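The structure under discussion appears below in the form of structure tokens.
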Amino acid sequence: MLIAIIAGLETMLVFAARSKQGRVRRQQLLMGASTDHRAAVPLVDNYLQQKTARATRFQRFVARQLATLLRRAVQTRAMDYLLLHVVRTAINKRRNKFNTLRRRIVL
């Protein structure tokens with residue numbers, strides 16, 4: 001009985017430690033503070049790896065440098081504002097198109 005209680009307590013302790021690590025890792029990933037920028041999406045990764053299997057060393061170098069540059073650009077406040085502007089513009093265009101079509105139907 002005592003051994004079962006000790007095993008249960010040990011299991012709870014390990015589970016609590018792992019869940020805390022998972023929360024911290026998730027928070028770092030969402031806040032952009034993670035040092036691991038390579039988030040895996042296995043299905044997409046495998047597909048793109050097959051499509052780019054015959055890339056030359058120069059092409060790989062250019063792609064790596066461009067990806068580094070884009071990662072730096074994406075982690076800026078200007079990128080947030082740019083995305084907000086794009087979303088806002090798209091929504092406004094759609095709204096204007098819908099209102100224009102609605103007026104034609106009414107007349």
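A short reminder: the numbers here are calculations on the coordinates, not readings from a lab. Note that the structure is a prediction, hence the values are computed from the model and not measured. So basically every Cβ, Gly included, is an ideal-geometry build from the backbone, and we count neighbours across all protein chains shown.
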Degrees, to the nearest 10: 42-51 long Cα axis against longest axis of the chain: 60 degrees
Net charge of Cβ neighbours under 13 Å - reference A17; Lys, Arg +1; Asp, Glu -1: +3
Estimated inter-spin distance, E10 and H85, nm [label 7 Å along Cα→Cβ]: 6.0 nm
Semi-axis lengths, Å, the chain, gyration tensor of Cα atoms, sqrt of 5 times eigenvalues: 45, 28, 17
Zone residues, the stretch 76-94, relative to T100, backbone N less than 11 Å from point 7 Å out along Cα-to-Cβ: 93-94
Selection from I6, V44, L84 lying farthest towards where the dipole of the chain points positive, charges on Cβ: L84
Charge dipole (debye, nearest 20) of the chain; +1 at Cβ of Lys and Arg, -1 at Cβ of Asp and Glu: 940 debye
